[in-house]
Amino acid sequence: ANSSDLTVWSLGDGRTAVLYIDTMGSRYPVETFKAFVNGLQEATKLGLSRLIIDLTNNPGGRICFGRSLLAYLQGEGQQNWGPQDLPLSPLQRMLTDAAVALGNARTVWSPGYYNDQHDRPVANNDTSLFEPGYEHTRGDERTRSYSGLVHYNGVWIHHCGDIGFWLPPLDQRFAPEDILIVTHGFCGSTCAYFANHMAQYNNVRTVVVGGHTGIPQQYTSYPGIQVLDSALLYLQLYQLGMNISRGALACFIPSNRACCPVLFCLVGHSLSAHFNGVHSFRKKKTHTSNKEKSTHTHTHTHTHTHKHTHTHP
């Protein structure tokens, strides 16, 4: 089963299917998702019980597409969101306070834009998931505050990715212990969302290839998740009563990409801003705790076995 962005084939051992996805942002998502479903269905009909998911070169893409893949692989009754949180800052606090005061639940800084990890809607005047925050050290080893774990609620992104729950299930679902995710460390945005979810919630093993000898490498890179281009960014700031110039209002016109507001001067360019992050753990060379066990082999290949108790808020 193939599409322009996805290929499924079997290995010669008669037991293993390989699923290669090079983007979550296909120009033809329906075609790609059909190839995904048809390929896995054919694999199970052939009696293949193990699955390698190759995310090499996958930079991410549409969040609802990634959640659809999770839903189909996991099946009904499982969550297809998270782990996700928001970086906290003085600017975030100012904008969240404005969202609460104005009763605006439709911006990325609004508590009411999210559900918690139990899929319960967060009231727009409830800032308990944002304050005082939780300290994490990630990636570049800087420590900063993040919110509790949240995800977009169904009010603003209705049934995001739930199509994977609605389709006829596989005759024989691939067990998490029979799934292996392979990357070379550049898996980002929705790809990171997908891979981190499979690893941290389903205990799927991950292998990262490449890097430098003796230096542990993570299997995902930048989280991304929520991206606002200049038009949506300025619109949401405007909705929250921020003092942006009239020049920024020109950015509300999709065809206008050469706006230069006074406070956000971007001559001849548009702006994309990332606000939400995928909650992930920094991998150590040898690390064991009640949250995770990681083992590495240093022939430029790092294998991670994940065990989590999910005590994070």
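Go through (1) open to solvent by less than 70 Å² (accessible area, probe 1.4 Å); (2) touching an Asp or Glu at 6+ places or on another chain (Cβ under 9 Å); (3) part of a loop (DSSP other than H, G, I, E, B) for Gly47 and report which single condition fails.
(2)
Can you find even one residue in region 54-67 that is outside any helix (DSSP H, G or I), in contact (Cβ under 8 Å) with a residue 40 or more places away in the chain and among the small types (Gly, Ala, Ser)?
Within region 54-67, one or more residues are outside any helix (DSSP H, G or I), in contact (Cβ under 8 Å) with a residue 40 or more places away in the chain and among the small types (Gly, Ala, Ser).
Which condition breaks for Gly154 when tested against (1) open to solvent by 10 Å² or more (accessible area, probe 1.4 Å); (2) small (Gly, Ala, Ser); (3) at pLDDT 85 or above?
(3)
Checking Ala175 against (1) modelled with pLDDT of 85 or more; (2) under 21 Å from the mean Cα position of the chain (by Cα); (3) within 19 Å of Tyr20 (Cα to Cα), which single condition isn't satisfied?
Just one mismatch for Ala175, condition (2).
For region 23-40, check the following and say yes or no: at least one residue is under 15 Å from Val182 (Cα atoms) and of a type in the set (A, V, I, L, M, F, W, C).
No; the residues of region 23-40 include none that is under 15 Å from Val182 (Cα atoms) and of a type in the set (A, V, I, L, M, F, W, C).
Only one of these conditions is not met by Tyr114: (1) hydroxyl-bearing (Ser, Thr, Tyr); (2) out of contact with any strand residue (DSSP E or B) (no Cβ under 6 Å at 6 or more places or on another chain); (3) without any contact (Cβ under 8 Å) to a residue 60 or more places away in the chain. Which number is it?
Among (1) hydroxyl-bearing (Ser, Thr, Tyr); (2) out of contact with any strand residue (DSSP E or B) (no Cβ under 6 Å at 6 or more places or on another chain); (3) without any contact (Cβ under 8 Å) to a residue 60 or more places away in the chain, the lone unmet condition for Tyr114 is (2).
Anything in region 17-40 that is of a type in the set (S, T, N, Q), surrounded by 17 or more Cβ atoms within 10 Å (Cβ to Cβ) and within 22 Å of Pro168 (Cα to Cα)? List them, or say none.
The answer is Thr32, and nothing else.
Of the residues Leu69, Leu102, only one is surrounded by fewer than 20 Cβ atoms within 10 Å (Cβ to Cβ) and modelled with pLDDT of 90 or more; which?
Going through Leu69, Leu102 in turn, the sole match is Leu102.
Given the conditions (1) surrounded by 14 or more Cβ atoms within 10 Å (Cβ to Cβ); (2) under 20 Å from the mean Cα position of the chain (by Cα), and given that Val8 satisfies all but one, which numbered condition is not satisfied?
(2)
The values are calculated or read from the model by the stated rules, or taken from the named source; none is laboratory data. Quick caveat: nothing in here was measured; it's all calculated off a predicted structure. Cβ sites come from the backbone with ideal geometry, for glycine too, and all protein chains shown count toward neighbours. In case anyone asks, the SASA skips ligands and DNA or RNA and just uses the protein heavy atoms, side chains included. Shrake-Rupley method; radii C 1.70, N 1.55, O 1.52, S 1.80 Å.
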